[in-house]
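The values are calculated or read from the model by the stated rules, or taken from the named source; none is laboratory data. Since this is a predicted model, take the numbers as computed values, not measurements. Please note: Cβ atoms are built from the backbone with ideal geometry, for glycine as well, and neighbour counts cover all protein chains shown. These accessible areas exclude ligands, DNA and RNA; they are computed on the full protein's heavy atoms, side chains included. Shrake-Rupley method; radii C 1.70, N 1.55, O 1.52, S 1.80 Å.
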Amino acid sequence: KKKLRSLDPKERAQWLWANIENLDVFLQDVYIYYLGNGFYSIILSKLIDLLTLVFIFTISIYLTSCINYSNISNSHNKLSNIQVDKCYSNLNFFKKILVYFFSFFLVTRLFQFFFIDLKKLNELNCFYKHLLLINEDELQTISWQLIVKKIILLKNQNAIISNVSDSKAKSRLDAHDIANRIMRKENYLIALYNKNILDLKLPLFKYLNLNDTNSILTKTLEWNISLCLFGFVFNEKGQLRSNFLKESHKSILSDQLKKRFLLAGFLNLFFSPLLVLYFLLLYFFRYFNEYKSNPSLISSRQYTPYSEWKLREFNELYHLFQRRLNLSVPEATKYIDQFPKDKTNQFMKFVSFVSGSFAAILGILAIFDPELGINFEITEGRTALFYIGVFGTIWAISHNSIPEDTIVFDPEASLRYVAQFTHHLPKEWDHRFHTNEVKAEFSSLFEMKIVLLIKELTSIILTPFILMFALTKSTDKIIDFFREFSVHINGLGYICTFAMFDFDKEKNLATDPK
């Protein structure tokens, strides 16, 4: 270690490149560094995430413990009149425990950041700068394909890697292998979701009209599933554990996986009140001003978490997949919006006309007499200025809900254009693009953002029960899946069968449902 510290940055980068112990982790780190746009951008992002967490925790404690809301009416417009003196020292036992727990968590995160993350980021910075000859500014604009070419060229120039256990691992490194190593775990997830291996349904969902994985899966649930599976199925080097390949171990592995789901469910249930409060405040602070300044965003849409797994292709890196989806969004929105809603449009036109008229009248009065807008109360405690804001918001929402008169109704053209990017166009949709059934099916994959936010919040409450009572029923199928759909490649290890794009090798390997 002393000799390593004495090397200059370039020699240190060369030594680290020549002594890679885990090629999967190294390539994943290189890719994450690329996605993060380099050293300083990643540092800033991590610090902002920490500061956001501190802000939300502090403001929630302050609003719930340091304000005497009963004195607001007699405050004489002064914060000091409603603020509780020494409120932090008078916190109840539960809140003090929260403060101590959060302080410990914050210190741990800062320790990890300064003593682990910075070291890794500095090594990656040296690798990019001195071996790939890519500086911070160029990293913002360079394509990943060019970085891969530089890595392969570097491999050819320095063929021997001393600490890689399998000598073939580095010698056969090419663009396909790099993608397979980065996507090793994600490829399994793509197949898991597409083959409907995971049972996420609870009996309660029948009454909530949640009948399929698409309507149940959220980012919260997805994160928990990945956490339970990845640490269990793959070893510390990112390779599939050998006991998953033996059918005789199925019963033991199934029981162990059930215990992991049960433990994850219990921990989620224990922390769910805090998580609900945190995400409620986070979404409120993040989106309130956006929706207030541009109410039309309420009707904006995005692809659901399940559709992202359904539409993603094997070995397709995250940034390429997101680019493909983003290119489809404008036309996908156009497809949804062009369907006629004559009764709704007529009603919205009327609401827009009435609310716009009231906003205009009050606005003109406020222009001619500013004092009138500020002090004149239309209802008790509500001035003209308040109602200008209310009617203006109603007008913006209703006006933006009315489609343009120039829209041409051609759903087939729109959906076929979208399919150029999503690569998803079921045969059942042929000659039915104009029907509400196809629209509803596509809308289930491309939902309103506000609906997805509500689902995320409710998911925090439902996730523990899905983990404990639904996913525990799928453990046998999950174990069978990893055994049946894994193939060994010399120098690469075990990967998902579908990631080799050899679907005809065995008849029992069904192709991707897409």
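A few comments on the model shown:
- Residues (touching a residue at least 24 places away in the same chain (Cβ under 8 Å) and either farther than 12 Å from GLY38 by Cβ or not assigned by the TED database to the domain that holds TYR34 (or both)) located in the range 135-144: TRP144
- Enumeration of residues in the range 324-342 that are out of contact with any strand residue (DSSP E or B) (no Cβ under 9 Å at 6 or more places or on another chain) and within 25 Å of THR213 (Cβ to Cβ): ARG324, ASN326
- Breaking point among (1) touching a residue at least 24 places away in the same chain (Cβ under 8 Å); (2) surrounded by fewer than 12 Cβ atoms within 10 Å (Cβ to Cβ), for TYR33: (2)
- Filtered by the rule that a residue be hydroxyl-bearing (Ser, Thr, Tyr) and touching a residue at least 40 places away in the same chain (Cβ under 8 Å), the range 248-290 gives SER254, SER272, TYR278, TYR283, TYR287.
- Residue within the range 15-34 that is assigned to a helix (DSSP H, G or I), closer than 27 Å to TYR278 by Cα and in contact with a Leu (Cβ under 9 Å, 6 or more places away or on another chain) present: yes
- Scanning the range 323-337 for residues that are among the basic types (Lys, Arg) and either in contact (Cβ under 8 Å) with a residue 24 or more places away in the chain or in contact with a Ser or Thr (Cβ under 8 Å, 6 or more places away or on another chain) (or both) turns up ARG324, LYS334.
- Out of PHE94, PHE104, sole residue that is more than 30 Å from LEU317 (Cβ to Cβ), at pLDDT below 90 and out of contact with any strand residue (DSSP E or B) (no Cβ under 9 Å at 6 or more places or on another chain): PHE94
- Residue list for the range 421-450, filter: among the polar types (S, T, N, Q) and touching a residue at least 40 places away in the same chain (Cβ under 8 Å): THR422, ASN436, SER443, SER444
- Criterion: touching a helix residue (DSSP H, G or I) at 6+ places or on another chain (Cβ under 6 Å) and outside the structural domain of TYR303 (by the TED database) - qualifying residue of PHE230, PHE234: PHE230
- Just one residue in the set ILE61, ILE82 is farther than 25 Å from LEU320 by Cα, touching a Ser or Thr at 6+ places or on another chain (Cβ under 9 Å), of a type in the set (Val, Ile, Thr) and surrounded by 11 or more Cβ atoms within 10 Å (Cβ to Cβ); that residue is ILE82.
- In the range 426-435 there is no residue that is open to solvent by 50 Å² or more (accessible area, probe 1.4 Å), within 30 Å of ALA359 (Cα to Cα) and not β-branched (Val, Ile, Thr).
- Condition check for PRO330: open to solvent by 80 Å² or more (accessible area, probe 1.4 Å) and modelled with pLDDT of 80 or more: yes
- Among residues that are hydrophobic (A, V, I, L, M, F, W, C), buried (at least 17 other Cβ atoms within 10 Å of the Cβ) and either outside the structural domain of SER307 (by the TED database) or within 30 Å of TYR318 (Cα to Cα) (or both), PHE446 is included.
So that you can scan it fast, the table gives a plain yes or no per residue for (1) more than 24 Å from PRO330 (Cα to Cα); (2) open to solvent by 50 Å² or more (accessible area, probe 1.4 Å); (3) in the same structural domain as ASN345 (by the TED database):
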{"residue": "PHE386", "(1), (2), (3)": "yes, yes, yes"}
{"residue": "GLY389", "(1), (2), (3)": "yes, no, yes"}
{"residue": "TRP395", "(1), (2), (3)": "no, yes, yes"}
{"residue": "SER398", "(1), (2), (3)": "no, no, yes"}
{"residue": "ASP405", "(1), (2), (3)": "no, yes, yes"}
{"residue": "SER414", "(1), (2), (3)": "no, no, yes"}
{"residue": "GLN420", "(1), (2), (3)": "no, yes, yes"}
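- Selection within the range 3-19: residues that are surrounded by 17 or more Cβ atoms within 10 Å (Cβ to Cβ) and hydrophobic (A, V, I, L, M, F, W, C). The member of this set that is nearest to ILE152 (Cα to Cα) is TRP17.
- Every residue from the range 1-60 that is in contact with a Phe, Trp or Tyr (Cβ under 8 Å, 6 or more places away or on another chain) and charged (D, E, K, R): LYS46
- Qualifying residue in the range 120-127 (condition: crowded, with 17+ Cβ neighbours inside 10 Å, under 22 Å from the mean Cα position of the chain (by Cα) and at pLDDT 90 or above): no
- Count - residues of the range 482-514 that are open to solvent by less than 40 Å² (accessible area, probe 1.4 Å), more than 18 Å from TRP309 (Cα to Cα), modelled with pLDDT of 50 or more and in a loop (DSSP other than H, G, I, E, B): 2
- Any hit, the range 183-195, residues being more than 30 Å from LEU467 (Cα to Cα), out of contact with any helix residue (DSSP H, G or I) (no Cβ under 6 Å at 6 or more places or on another chain), at pLDDT 90 or above and among the basic types (Lys, Arg): no
- Residue-level analysis places THR58 outside the set of residues that are within 30 Å of PRO9 (Cβ to Cβ) and hydroxyl-bearing (Ser, Thr, Tyr).
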